[in-house]
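The structure appears below as structure tokens.
The values are calculated or read from the model by the stated rules, or taken from the named source; none is laboratory data. Model, not experiment: these values are computed from the prediction. Positions of Cβ are backbone-derived with ideal geometry, glycine not excepted, and every protein chain shown enters the neighbour counts. Just the protein is used for accessible areas: all its heavy atoms, side chains included, with ligands, DNA and RNA removed. Shrake-Rupley method; radii C 1.70, N 1.55, O 1.52, S 1.80 Å.
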Amino acid sequence: MTEKCPVCNTVLDPGATACPICGFKLLGRTQAFTPIAMQPNDVTANAGLLNEATLRIVKGAQVGSIFHLSADTITMGRNPHCDIFLNDMTVSRNHAVFERRGSGYAIIDQGSFNGLWINHENVHEAVLRDGDLIEVGAFILLYQTNPGH
């Protein structure tokens, strides 16, 4: 027996979850989504000549990922266009910006919903020091200068 849409009477393909004509969601059927595998990896944010500092995710979905800071300005957030992409709803789309200050970096909150925390203290802006813990939503990142030295 051929199945038809109960709204517009269009003949449906077997396994369809919605009518291709009117968009009616068929009851009792769900769409399947394939999760994206997030593997720890080294990611460079706007690679430049210097790799003076790194951010290492120590808590959150992407634990072990390392971001090398080398540009004058580096964006961080849930927006895939950010230099540092943190894929979690607790992170604002454009959560914070890193700015080069002398030989290091400062971090500035961009009006995020959940705020920016440095070493468990809520801040709007902070000059980062080696070993600082940056909390952004469900993530904790370790800021290190001259890692490996």
So which chymotrypsin sites (Phe, Trp or Tyr not before Pro) in region 55-149 pass both tests, a DSSP loop state and at most 16 other Cβ atoms within 10 Å of the Cβ?
-> Phe113
Place a +1 charge on the Cβ of each Lys and Arg in region 53-145 and a -1 charge on the Cβ of each Asp and Glu, then give the dipole magnitude about the Cα centre in debye, rounded to the nearest 20.
-> 180
Prolate/oblate/rounded call for region 45-149, Cα gyration tensor, a/c under 1.5 rounded | rounded
Nonlocal amide H pairs with Lys59, under 5 Å, H built at 1.01 Å = Ile140
Add +1 for every Lys or Arg and -1 for every Asp or Glu among the other residues with Cβ under 10 Å from the Cβ of Arg78, and state the total.
-> 0
Heavy-atom accessible area per residue of region 58-149, all protein chains kept, 1.4 Å probe, expressed in Å², is 50
If amide H atoms are built 1.01 Å from N in the plane of the peptide, which residues on other chains or at least 5 residues away come under 5 Å of the amide H of Ala18?
-> Leu26
Quote to one decimal, in nm, the extra length available between Asn94 and Ala16 on full extension: 0.36 nm per residue of separation minus the C-alpha distance between them.
-> 24.4 nm
Under a 1.4 Å probe, counting only protein heavy atoms, Ser103 has an accessible area in Å², nearest 10, of 100
Lys/Arg +1, Asp/Glu -1 at C-beta; region 45-149 dipole; positive extreme among Thr145, Phe67, His120 = Phe67
